[in-house]
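Enquirer: Have a look at this one before I ask anything.
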């Protein structure tokens, strides 16, 4: 993790609980994310990973507890949070230019008329450069690959200079080359030390070298710690209430025996 900051935590969660009907997703959740720290959220489908992001965005009310971003209570639309939702491919015939898509994040409802100011154009240029998308800034977004489109979504999320960046399955449906490219981009953002990063992912392997801590949700409970502390057979066995084995093979994690094991790391046979 990067150097400890004197600023308030990018994210602070205290005593948080959330239920879905009669089922408790998680309770008693405490979590701080420092500026420059990257935390991965792992767990099976239905464990409340996306609901956690919605709570941080102020969309989903907690049953109990409190959430702060950069020292301020969350509420819907707070600009201190940048959000990259699960990726959906844009239509192939969409003629909107890449730089204009990024401009949505810069000018918001001012997109269209009036014409973008010189300041807006300069900020778009900076954001395109920041995510490595300058060379295709003038291309129609429908012609871009999934990885290129994902870079533009991250540029949008960074437009408001957020203290916290949330990403929901950012590597989903990307090939290995684009997964590595997105991992490098997140590494560069993490290295600035300005922004905390929370990533929901079904496969932590492409990000293992970047992840400072893991929040693992399962069975109505959770564990928080380094990947080596949390992604262990005895820890996951306790969380799931059933035998789970964790293996390491050529620098990758493989989990065998977990219900709904098509998440977080590679499913074992």
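The values are calculated or read from the model by the stated rules, or taken from the named source; none is laboratory data. Just so it is clear, the structure is predicted and the values come from calculations on it, not from any experiment. Cβ sites come from the backbone with ideal geometry, for glycine too, and all protein chains shown count toward neighbours.
Enquirer: Just name the residue that is surrounded by the most Cβ atoms within 10 Å (Cβ to Cβ) out of those in segment 122-148 that are within 18 Å of residue 173 (Cβ to Cβ) and either free of Cβ contacts under 8 Å to residues at least 40 places away in the same chain or over 23 Å from the mean Cα position of the chain (by Cα) (or both).
Expert: So, considering only residues that are within 18 Å of residue 173 (Cβ to Cβ) and either free of Cβ contacts under 8 Å to residues at least 40 places away in the same chain or over 23 Å from the mean Cα position of the chain (by Cα) (or both), the one surrounded by the most Cβ atoms within 10 Å (Cβ to Cβ) is 147.
Enquirer: Then there's this: Scan 55, 34 and give me the residue that is touching a strand residue (DSSP E or B) at 6+ places or on another chain (Cβ under 7 Å) and in contact (Cβ under 8 Å) with a residue 60 or more places away in the chain.
Expert: 34
Enquirer: Applying the selection to segment 159-189, what residues are within 18 Å of residue 12 (Cα to Cα) and either without any contact (Cβ under 8 Å) to a residue 40 or more places away in the chain or under 12 Å from the mean Cα position of the chain (by Cα) (or both)?
Expert: 164, 165, 166, 167
Enquirer: Among (1) at pLDDT 95 or above; (2) part of a helix (DSSP H, G or I), where does residue 166 come up short?
Expert: Unmet condition: (2).
Enquirer: Could you check how many residues of segment 10-35 are modelled with pLDDT of 95 or more and outside any strand (DSSP E or B)?
Expert: Result for segment 10-35: 3.
Yes or no, residue by residue, for (1) free of Cβ contacts under 8 Å to residues at least 24 places away in the same chain; (2) surrounded by 16 or more Cβ atoms within 10 Å (Cβ to Cβ); (3) under 25 Å from residue 211 (Cα atoms):
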{"site": "16", "(1), (2), (3)": "no, yes, yes"}
{"site": "45", "(1), (2), (3)": "no, no, yes"}
{"site": "70", "(1), (2), (3)": "no, yes, yes"}
{"site": "94", "(1), (2), (3)": "no, no, no"}
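Enquirer: Exactly one condition in (1) surrounded by fewer than 23 Cβ atoms within 10 Å (Cβ to Cβ); (2) under 26 Å from residue 210 (Cβ atoms) is false for residue 61; which is it?
Expert: In the conditions (1) surrounded by fewer than 23 Cβ atoms within 10 Å (Cβ to Cβ); (2) under 26 Å from residue 210 (Cβ atoms), residue 61 misses (2) alone.
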